[in-house]
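Working notes, structure below.
Any read-out appearing in this document is the output of simple, stated calculations on the displayed coordinates, not a laboratory observation. As the structure is a computational prediction, the values presented were derived from the model and not from experiment. All Cβ positions, glycine included, derive from the backbone under ideal geometry; neighbour counts span all protein chains shown.
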Amino acid sequence: MAENEAKSGGFFTNLVLEITQSPLNIALVCLIAVLVYKIIKSRQDVPTYREPEPELPKLKKRDFTVEELKKYDGTQEDGRVLVAVNGNVYDVTKGKRFYGPGGPYAAFGGRDASRGLATFSVSTKTDGYDDLSDLNTMEMDSVKEWEAQFKEKYDLVGKLLKPGEQPTNYSDEEDETPTAAGDKGKDD
C-alpha cells in the first residue's frame, strides 16, 4: 500500500490535485477559508468596555403634566428618561439605550407609551393626554401587562395628570414606602 501512495504522489498530493482540477472546488475551498477566518476573528474580538454612566439620584415622587413629561426624553443635560404607562410615570433612565435618543423605543421617551404598547407600535405618538377609552379589552390587557413589567423593572416616580387635574403632594415618607401610612393602623 505504501508503494501505491509513493507512485501516485501520496494522499495530500492527490487531495490537492483533486481540489485544483475543478473551479467549483477552488471556489468552495476559498469560501470555507473565508468563513473559518471570520469565525476565528469574531471569537478573538474583545468587546470594548464602556464606562457605565454615573447613576442619577432618585427622582422625588411627583405628578407630571404631558408637557412636563416631554422634557424627560433623554436629551436634557442629565439624560433622564421618563415614560408613562397607564397613568403612571416611570424613570427608565437605566434602560436609556432602549428609551433614550437613538434607541429602538426612543419614541416613548418623555411620553405616554400606553397606546403604543397596547397596539405594539413604536410609531404611535400621542402629543396630548390620552385617556385610552377607545382601546379594546385585549389592548387594555396588554397595557396592564406592560405596566406590570415597568413596575417590576423601573422606579415609579409619579402619575400622569389629566387636563385640569391637581397634582398630589407626596411626602418624603411616601417616596420611600408608599404603603407606610396604610399599614400604620393595622396593629392598633
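Can you put ASP134, ASP73 in order of Cβ neighbours within 10 angstrom, beginning with the fewest?
So the ranking, lowest neighbour count to highest, is ASP134, ASP73.
Can you give the extra length, in nm with one decimal, that the chain gains between LEU132 and LYS41 once fully stretched, where that is 0.36 nm per residue apart less the Cα-Cα distance?
27.7 nm
Set the bar at 19 Å for Cα to Cα. Now go through LYS125/LYS162; LYS70/LYS125; LYS60/LYS94; LYS61/LYS144 and name every pair that lies beyond it.
LYS61/LYS144, as the Cα separations exceed 19 Å there.
Can you work out the FRET efficiency for the pair GLN76 and GLU145, with r the C-beta to C-beta distance and R0 = 25 Å, to the nearest 0.05?
With R0 = 25 Å, the Cβ-Cβ based efficiency is 0.25.
When the convex hull of the Cα atoms of region 52-132 is projected onto a plane and the area is averaged over all directions, what value comes out in nm²?
Average of the hull's projected areas for region 52-132 equals 5.2 nm².
Which ³J(HN,Hα) values, rounded to whole Hz and listed in residue order, are derived for region 27-32 from phi using the Karplus coefficients 6.51, -1.76 and 1.60 in 6.51 cos²θ - 1.76 cosθ + 1.60 with θ = phi - 60°, glycine and proline given as x?
Ordered by residue, 3J(HN,Hα) equals 4, 5, 4, 4, 4, 4 Hz.
Report, by chain and number, residues whose modeled amide H sits under 5 Å from the one on ARG111, excluding near sequence neighbours (fewer than 5 apart, same chain).
Result for ARG111 returns ALA84.
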